[in-house]
Amino acid sequence: MKNFDELLKKYADFIVRVGVNPQPGQVLIINCALEGAPLARLCVRSAFEAGARDVQVNWTDDAVTRTRMELGSEEALTDHKGWQLRRYLDYAETEGGVCVLHLIADDPEVFAGLDGAKISRVNSANRAFMQPWREYTMNDRVQWSIAAIPSAPWAKKMFPELDTDAAIEALWQLIFDTCRVTGGDPVGEWQEHLARLSALRDKMNALDLESVHFASGNGTDLTVGIADQAVWESAASKNEKGVTFLPNIPTEEVFTAPHKDKVNGVVYGTKPYVFNGQLIKGFHVTFKDGKVVEHGAEEGADLLGQLLDTDEGARHIGEVALVPASSPINRCGKLFYNTLFDENAACHIAFGDSYPGTTAGGTGLTREQLDARGMNHSSLHEDVMIGAEDSEITGKCRDGRTVQLFQNGVWVL
């Protein structure tokens, strides 16, 4: 690829300095797949140059992860040790604080053919063990960001007609394009993009909506009630000290918290999604008073059932997000088999936990106070895509007005 090294450095500088935004004196923890070593090295340098006190890198490998899940006992895989949690909390509780960057290169079907029930139990136990740290990220108490790098299995899944090297190069080009790196000024392009999303966020908040209705030709007819005192958010977040960061790179969404008991109707998935390293395709779910009461899928129906049975909150939704069909990720015409990208190609909902920051003052509220506003609680947060090219979305305001938000899949607000 022409100018690859230059583009990779621009990508690294952007995801560090704008994405996770380490502050002087902070420690940056990078969780990275082995394939991402060249990018991780650039990120380490960029973080130190930005003033980070230290940078720690934790390496992961999908092949090892699969072998452990296949051959390891469930008892061993859930035998958690204190240091696994404390390595985050110890830094978070120090004066300088911590921020985290995840560089992902996931194989969409890393666990294909393995025992899905075992995988669900192990991952559920892992999430429960890490819950004290999840409280930091879900409440935006620390900066965190997720960005992607190609892996051979992921690239071949997307470009099966190409040899491995060509597929990886093609995926790199897509990542650079959709993350606004190719143009040469990612910071400037993202500033303009964030301004557009912020303007839409402000318009949504000014409407004071009590519900949003989705309809499309595939049969979707879904009304999502909005949580009490909910606020619409867009790409950028702020930690408890007011430091701005981008949780997801790329991002195209404007999102808020549904009321966990006020979602009704049926919705059909418009893109496959990955859960526990396996694919679910052609799904649908029916809600009554906020809870999934019927569900099915063309592929992975059992897996969908396992997701919904994770805990009581998994059958309710914690997020509703509006993404136009005109987004760069959707316009590229490729299915990524990766939620980080696919959720930014289409409107989506998330089974499971609500982000406390999507209700007014939510990060300072107790669990009981959040519950009283209709915020959902679960050990998981799984985004699934429901937006279509013909999606019609309307909002009902608390003063009784009905406002058209989307027509033919794009914003008209």
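Out of ALA236, ALA206, ALA166, I need the residue that is within 20 Å of the chain's Cα centre (by Cα), open to solvent by 30 Å² or more (accessible area, probe 1.4 Å) and small (Gly, Ala, Ser). Which one? Explain how you work it out, then say what you get.
Numbers: ALA206 fails: within 20 Å of the chain's Cα centre (by Cα); ALA166 fails: within 20 Å of the chain's Cα centre (by Cα).
Criteria check complete, one pass: ALA236.
Being open to solvent by less than 30 Å² (accessible area, probe 1.4 Å), touching a Pro at 6+ places or on another chain (Cβ under 7 Å) and in contact (Cβ under 8 Å) with a residue 60 or more places away in the chain: is that true of TRP154 here?
Values: open to solvent by less than 30 Å² (accessible area, probe 1.4 Å): yes; touching a Pro at 6+ places or on another chain (Cβ under 7 Å): yes; in contact (Cβ under 8 Å) with a residue 60 or more places away in the chain: yes.
It is true that TRP154 is open to solvent by less than 30 Å² (accessible area, probe 1.4 Å), touching a Pro at 6+ places or on another chain (Cβ under 7 Å) and in contact (Cβ under 8 Å) with a residue 60 or more places away in the chain.
Quick one: would you say VAL254 is within 30 Å of LEU103 (Cβ to Cβ), of a type in the set (A, V, I, L, M) and at pLDDT 95 or above?
Working: within 30 Å of LEU103 (Cβ to Cβ): yes; of a type in the set (A, V, I, L, M): yes; at pLDDT 95 or above: yes.
Yes.
Return the residue satisfying two criteria in turn: it lies in the stretch 221-231 and is open to solvent by 10 Å² or more (accessible area, probe 1.4 Å) and part of a loop (DSSP other than H, G, I, E, B), and of such residues it is nearest to THR251 (Cα to Cα).
VAL231
Give all pairs with beta carbons closer than 6 Å in which a residue from the stretch 1-20 that is farther than 26 Å from THR244 by Cα meets a residue that is surrounded by fewer than 24 Cβ atoms within 10 Å (Cβ to Cβ); count only pairs at least 6 apart in sequence or on separate chains.
MET1/GLU169
Residue under question is ASN376, and the condition is that it be in a loop (DSSP other than H, G, I, E, B) and more than 29 Å from LYS157 (Cβ to Cβ); does it hold? Step through it out loud before you land on a result.
Details: in a loop (DSSP other than H, G, I, E, B): yes; more than 29 Å from LYS157 (Cβ to Cβ): yes.
Yes, satisfied.
Which one of these is out of contact with any His (no Cβ under 6 Å at 6 or more places or on another chain), open to solvent by 70 Å² or more (accessible area, probe 1.4 Å) and within 26 Å of TYR273 (Cα to Cα): GLU389, GLU368, GLU382? Before the answer, list the steps.
Numbers: GLU368 fails: within 26 Å of TYR273 (Cα to Cα); GLU382 fails: open to solvent by 70 Å² or more (accessible area, probe 1.4 Å).
The conditions single out GLU389.
Scan the stretch 309-336 for residues that are closer than 26 Å to ASP390 by Cα, charged (D, E, K, R) and crowded, with 17+ Cβ neighbours inside 10 Å and jot them down.
Initial filter on the stretch 309-336 (closer than 26 Å to ASP390 by Cα): 316-336.
Filter once more, keeping what is charged (D, E, K, R): 319, 331, 334.
GLU319, LYS334, listed by residue number.
With the condition kept exactly as written, say whether any residue in the stretch 176-197 is surrounded by 20 or more Cβ atoms within 10 Å (Cβ to Cβ) and touching a strand residue (DSSP E or B) at 6+ places or on another chain (Cβ under 6 Å).
no
Sort through TYR268, TYR273 and tell me the only one that's surrounded by 22 or more Cβ atoms within 10 Å (Cβ to Cβ) and either small (Gly, Ala, Ser) or under 26 Å from TRP232 (Cα atoms) (or both). Working first, answer last.
Numbers: TYR268 fails: surrounded by 22 or more Cβ atoms within 10 Å (Cβ to Cβ).
Answer to the check: TYR273.
Just give me the residues in the stretch 289-308 being in contact (Cβ under 8 Å) with a residue 60 or more places away in the chain and open to solvent by 40 Å² or more (accessible area, probe 1.4 Å), in sequence order.
Answer for the stretch 289-308, where residues must be in contact (Cβ under 8 Å) with a residue 60 or more places away in the chain and open to solvent by 40 Å² or more (accessible area, probe 1.4 Å): ASP302, GLN306.
Counting only residues that are free of Cβ contacts under 8 Å to residues at least 60 places away in the same chain and not in a loop (DSSP other than H, G, I, E, B), which one in the stretch 309-349 is nearest to ALA105 (Cα to Cα)?
The residue in question is ASN330.
Give the residue that is least open to solvent (accessible area, probe 1.4 Å), with candidates limited to residues of the stretch 239-255 that are over 18 Å from MET385 (Cβ atoms) and not in a loop (DSSP other than H, G, I, E, B).
In this case the residue turns out to be PHE245.
Can we say LEU42 is in contact with an Asp or Glu (Cβ under 9 Å, 6 or more places away or on another chain) and closer than 30 Å to PHE159 by Cα? Steps first, please.
Values: in contact with an Asp or Glu (Cβ under 9 Å, 6 or more places away or on another chain): yes; closer than 30 Å to PHE159 by Cα: yes.
When the stated conditions are applied, LEU42 passes them.
Residue-by-condition table, conditions (1) assigned to a helix (DSSP H, G or I); (2) within 21 Å of the chain's Cα centre (by Cα):
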| site | (1), (2) |
| --- | --- |
| SER145 | no, yes |
| PRO153 | yes, yes |
| LEU171 | yes, yes |
| GLY184 | no, no |
| TRP190 | yes, yes |
| HIS193 | yes, yes |
| ALA199 | yes, no |
| SER211 | no, no |
| GLY219 | no, no |
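The values are calculated or read from the model by the stated rules, or taken from the named source; none is laboratory data. Treat the numbers as computed from the prediction; the structure is a model and nothing was measured. So basically every Cβ, Gly included, is an ideal-geometry build from the backbone, and we count neighbours across all protein chains shown. Side chains included, ligands, DNA and RNA excluded: accessible areas come from the protein's heavy atoms. Shrake-Rupley method; radii C 1.70, N 1.55, O 1.52, S 1.80 Å.
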